[in-house]
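Let me begin by presenting the structure, written as structure tokens, before commenting on it.
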Amino acid sequence: MQLSRRTLLAASATLASPLAAPSIVRAQGNAPIRIGEINSYTAAPAFTLPYRNGLQLAVEQINAGDGLLGRKIELLIRDDAGKPADAVRLAGELVTDQKVDVLAGGFLSNVGLALSDYALQNKKLFIAGEPLTDALVWDKGHRYGFRLRPSTYMQAAMLVEDAAKLPAKRWATVAPNYEYGTSTVKWFKQLLLAKRPDVVFVADQLPTLGKIDAGATVAALEQAKPDAILNVTFGPDLTNFVRQGNTRGLFEGRAVVSVLTGEPEYLDPLAEETPDGWYVTGYPNTSVTDPANTAFIAAYKAKFNELPKMGSVVGYALIASIAAGIAKTGSVETEAMASGFPGTTFATPFGKVTWRAQDHQSTLGTYVGRTALKNGKGAMVDWRYVDGADALPSDAMVKTLRPA
Amino acid sequence: MTALLIQLLTGLAGASTLFLVAAGLTVIFGVTRVVNFSHGSLFMLGAYIGWTILSRLPRDPGSFALGVLLTGLATSAIGSAVEMVLLRRIYKAPELLQLLATFGVVLILQDATQAIWGPADLTLPRGPWLRSAVMILGERFPLYDLILIATGPLILGTIWLLFARTRWGTLVRAATLDREMVSALGVDQRRLFTSVFALGAGLAGIGGALVLPQGSANLQMDLSVITDAFVVVVVGGLGSLTGAYLAAVLIGVLQALGIVLLPKATLVVVFVVMACVLIVRPHGLLGRPLTATRTDAAAIAPIRPATPALLWAAAALLVLAIAAPLIVGPFVLSVLTDITIAILFAASLHVLMGPGGMASFGHAAWFGLGAYGTALAVKSLAAPMPLALLLAPIAAGGVALVFGALVVRLSGVYLAMLTLAFAQIVWAVAFQWSDVTGGDNGILGVWPPAWAGPASFYWISLVLCVGGAILLRRALYAPFGFALRASRDSALRAEAIGLNPNALRLAAFTLAGSAAGLAGGLAAYAKGSVFPTTISVGHSVDALVMVLLGGVQTMAGPIIGAIAYTGLFDALLLATGFWRAALGACILAIVLLFPQGIAGGFNRPGVAGSVKRTI
């Protein structure tokens, strides 16, 4: 068992108070600011390994410059193996043993919620990167929890814009049977019906995550004769679904709206089977010529010799968001950061983003566009960037959704 | 009508893929009695190797068939290597130790596959013939699915011919019925076992390559296929190929029809089918009662009471454990709390596996029921901690009593799989019943009250868990324990002297369930939350690994196993990104060095590394 403790470093870091004289801040000297990051590296490597690259690139860039508050950033990475109980134990290790200043990470919704609850109980800041569940910032939201990615509500809201313009009246849905899937479907239905009361939902498929029986699912959807389909599956399930759908002609003459499908980690495996004209959220990495993005891609390619994926952007932006919050607070004391992070603006490959004060959700948006087949590969075309702030409900509604 | 036919055909296509994986598993089990947990890994390797070969070949049907066969040969070679290097050395070890060894292989192959092929999903471009469809009653149906439908019976027929018409096949069938007799007649068991493994692994590899046109090679395939494959094998009847095919068809078709009628049910349909079949037919559809392998029976020696030296060592360890909060830091303390919970969890499973003679693949069900019982008591009744903890063993024990009545009628792997089915059903309820259990988001905020800080909670957990383990031990040395062991060793003789084996087994089942429930209740407080993952197959496997690592036939085994596994797991997790491979390698080393488990290793005189001999 590894019992290494760096109490010396840690004591100086945690004792620092924002209200104390600036001289004390300087007295912290060169002790690095420690960020403890927990993610499902072995359980979901297709997303989390590019994500880890993004984290490392951001830390390296900050440390190569002036650092943060004149100190270096030290990143401690842990693998939760996809299990919430392991994540909580590792959070304990990072907080009590390694004395990290901030906790971050999470991929699965339930791991994110477990870490967020640990943060609330132990009064430690937790910045969730990827977990999409609305509960993280709304019904289970609290002072110490923040979340970066556009949530299931926001993803659904972005796509409903396009979906509502379609002539389709009969809709069917297919989503993995867990929080992310059911929650996205719930919001999509609610938001679409609000804009289009004439719409009916004729079939809901809920395959088990990672075990879709694609042939039977496609046949069941076909049988319902929908005009349009909402797809929420991703990863291996999506590949199976698309292949069966292509062969059986499910997508012919039907509009498809699909969450996350434009992200390179899920679009690339579709390769020459990429369906044409799906409305998707995602990241058209090379075709975005915004300077922030091109600079990010250049730095990423130089370091890892491959194109960044959506995970890379999330990892990179996660570090940027923490660094900006700490810089604005001027301290790594938890209570000060919990008050200092809201309202902080930070730069990401997608442009400027703000930590919202009302629910601790960031305004990081995502690209919405359509899929196309280009040179035997999947691509996103006709895309636009949707700012996260524009996809969130009104402040009054957020207030009712967030008791804390 | 058309829709029904299409679903039926789709179900048949899915059944063929399932059958290919299950066929290899059932042949291997029939002959060697190895519960080969790594069969799913060979399936995954088949997909990856198939991708490597097929993406370099032209996209015509002939090349595809050639590539699939080459893949089968490659995985066949890997399977034989695993058998020759690893399993061959431990056939004489207690039952299920081979399962532990193959679990180690699973872990190593997961990291190896990721290291070789990278983390991204790999997809094989489909040639036009693989993308084409035929018209059936006006609906498009994939040509490839039709090919798959034909492949199942084709492989079944080929293996049947192999078994019925060749000398090798005759030997395999004979060994399935009575392998000692075959050996006594002068047949080289080693070659027979290796060849059977080669065949099984080859079939798994072919199965993996055949799913490529429908999906991708990805790193989750191994675990997602293995439980389903086991279900098919058990529903069909262990060792029965035709049974496996029937079971695959039954499950494949029900799954396909279930998707139309009740989409949410896909989570659990295979396990409900298995539970129903096993309750009605305790040996599966076409299975026969297994002949006892004689080496196993001899391996179970009576459990000796601990020697004074061992008792002193245990007392010293306990004193150290009590003093721990004064010595170690908060993180180590939280790991120690986890270890106390793991000890009770493992000790409760040991009651079933050791003296009870009932291996359980679903022990996490009771742990999870206890955890949910506690969490719900806290959340909906605002119960104080002592009451909430009291509810944990009651909830778990109560359900164990009801399920147990169905379970104890079975034996061996059938019993183990029925417990797995129940665990999966409990898991599905926890997962799906969001209004009460919070679904996969779980129940949060189950923290101990302010008066129970980390140190106090550790002491509470130590008292309850170690106390619970000691009580379990006491029960096994009481007349109850002796009667239980008598029922295990010979149910017939036990009955003859007036014992009621099934009632004893049920009592043991309920006792073990309650103890695991208490461990679960403590875990809810220790983590502050409960999630369906506490009931998952993976968590049940953790318990199995702890018991087997420590040694099934010793009283100290589960305790040592729990400490070793939890400690090792944490240490490796923090030390290396390749913790799975490292953990797998450690498990293999322990299995090879101490075939009787770590604690068992100390009891065997003359073994290298043993520090004391039993007097």
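The values are calculated or read from the model by the stated rules, or taken from the named source; none is laboratory data. These figures come from a predicted structure and were not determined experimentally. When we count neighbours, we look across all protein chains shown, and the Cβ atoms used for this are built from the backbone with ideal geometry, even at glycine.
Values for this structure:
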item	result
Single match in A:G369, A:G365 (criterion: closer than 27 Å to A:K140 by Cα and at pLDDT 95 or above)	A:G365
Hey, B:V253 modelled with pLDDT of 90 or more, part of a helix (DSSP H, G or I) and surrounded by 24 or more Cβ atoms within 10 Å (Cβ to Cβ) or not	no
Matching residues, segment A:182-217, being closer than 30 Å to B:I149 by Cα and part of a loop (DSSP other than H, G, I, E, B)	A:L206, A:P207, A:T208, A:L209, A:G210, A:K211, A:I212, A:D213
Condition broken by B:T194, with the remaining ones in (1) in contact with an Asp or Glu (Cβ under 6 Å, 6 or more places away or on another chain); (2) surrounded by 23 or more Cβ atoms within 10 Å (Cβ to Cβ) satisfied	(2)
Flag for A:D162 being more than 14 Å from chain B (Cβ to nearest Cβ) and surrounded by fewer than 24 Cβ atoms within 10 Å (Cβ to Cβ)	yes
Residues within segment A:95-129 that are under 20 Å from A:Y41 (Cβ atoms), more than 14 Å from the chain's Cα centre (by Cα) and touching a residue at least 60 places away in the same chain (Cβ under 8 Å), tallied	6
Residues of segment B:563-574 satisfying the condition of being facing another protein chain (nearest Cβ under 10 Å) and in contact with a Leu (Cβ under 7 Å, 6 or more places away or on another chain)	B:L568, B:F569, B:L572
In segment B:485-503, the residues that are outside any loop (DSSP other than H, G, I, E, B) and either aromatic (F, W, Y) or more than 20 Å from B:T554 (Cα to Cα) (or both)	B:A491, B:L492, B:R493, B:A494, B:E495, B:A496, B:P501, B:N502, B:A503
Helices (runs of 4 or more DSSP H) wholly inside segment A:238-335 that include at least 1 residues being over 30 Å from A:Q223 (Cβ atoms) and assigned by TED's automatic domain parsing to the domain that holds A:L103	A:291-304, A:310-329
Test for B:W129: is it surrounded by 13 or more Cβ atoms within 10 Å (Cβ to Cβ), modelled with pLDDT of 90 or more and farther than 30 Å from A:F234 by Cα	no
Failed item, numbered, when A:G82 is tested on (1) outside any loop (DSSP other than H, G, I, E, B); (2) over 17 Å from B:S334 (Cα atoms)	(1)
Count - residues of segment A:255-272 that are without any contact (Cβ under 8 Å) to a residue 60 or more places away in the chain and either more than 26 Å from the chain's Cα centre (by Cα) or within 13 Å of another protein chain (Cβ to nearest Cβ) (or both)	4
First in segment A:162-191 and in the same structural domain as A:V256 (by TED's automatic domain parsing) and at pLDDT 95 or above, second anywhere and surrounded by fewer than 18 Cβ atoms within 10 Å (Cβ to Cβ) and in a helix (DSSP H, G or I), Cβ under 6 Å, 6 or more apart	A:A164/A:K195
Within segment B:132-155, considering residues that are touching a strand residue (DSSP E or B) at 6+ places or on another chain (Cβ under 9 Å) and more than 10 Å from chain A (Cβ to nearest Cβ), the one surrounded by the fewest Cβ atoms within 10 Å (Cβ to Cβ)	B:M135
Scope segment B:198-216; condition in contact with an Asp or Glu (Cβ under 9 Å, 6 or more places away or on another chain), modelled with pLDDT of 95 or more and buried (at least 24 other Cβ atoms within 10 Å of the Cβ); matching residues	B:A201
Residue that is farthest from B:I560 (Cα to Cα), among those in segment B:575-596 that are among the small types (G, A, S) and touching a residue at least 60 places away in the same chain (Cβ under 8 Å)	B:A581
Sole residue being on the phi < 0 side of the Ramachandran plot, at pLDDT 95 or above, surrounded by fewer than 20 Cβ atoms within 10 Å (Cβ to Cβ) and β-branched (V, I, T), chosen from B:I116, B:I90	B:I116
Flag for A:T48 being in contact with a Lys or Arg (Cβ under 7 Å, 6 or more places away or on another chain), at pLDDT below 95 and either of a type in the set (F, W, Y) or outside any strand (DSSP E or B) (or both)	no
Residue among B:S487, B:S456, B:S514, B:S461 that is surrounded by fewer than 21 Cβ atoms within 10 Å (Cβ to Cβ) and either within 22 Å of B:A405 (Cα to Cα) or not aromatic (F, W, Y) (or both)	B:S456
Filtered residues of segment A:196-210 (kept if within 7 Å of chain B (Cβ to nearest Cβ) and crowded, with 22+ Cβ neighbours inside 10 Å)	A:Q205, A:L206, A:P207
Among the candidates B:V106, B:V134, B:V68, residue that is touching a helix residue (DSSP H, G or I) at 6+ places or on another chain (Cβ under 6 Å) and part of a strand (DSSP E or B)	B:V134
Only one of A:T233, A:T281 that is under 23 Å from the mean Cα position of the chain (by Cα), within 14 Å of another protein chain (Cβ to nearest Cβ) and of a type in the set (S, T, N, Q)	A:T233
Cross-chain or 6+ apart pairs with Cβ under 7 Å, segment B:404-430 first and touching a residue at least 40 places away in the same chain (Cβ under 8 Å) and in a loop (DSSP other than H, G, I, E, B), then buried (at least 22 other Cβ atoms within 10 Å of the Cβ) and not acidic (D, E)	B:V408/B:R505; B:V408/B:F509; B:L410/B:L278; B:L410/B:L418
Count of segment B:240-278 residues which are hydrophobic (A, V, I, L, M, F, W, C) and over 20 Å from the mean Cα position of the chain (by Cα)	13
Unmet requirement for A:D86, which otherwise passes all of (1) farther than 23 Å from A:R356 by Cβ; (2) away from chain B (no Cβ under 14 Å); (3) acidic (D, E)	(2)
Residue in segment A:107-123 that is crowded, with 24+ Cβ neighbours inside 10 Å, modelled with pLDDT under 95 and not in a helix (DSSP H, G or I) present	yes
Qualifying position, being more than 26 Å from B:G442 (Cα to Cα), more than 13 Å from every other protein chain (Cβ to nearest Cβ) and of a type in the set (G, A, S), among B:G577, B:G557	B:G557
Selection from segment B:324-339 of residues that are free of Cβ contacts under 8 Å to residues at least 12 places away in the same chain and either of a type in the set (V, I, T) or closer than 15 Å to B:S461 by Cβ (or both)	B:I327, B:V328, B:V332
Some residue of segment B:211-222 being without any contact (Cβ under 8 Å) to a residue 24 or more places away in the chain, of a type outside the set (D, E) and under 27 Å from B:G104 (Cα atoms)	yes
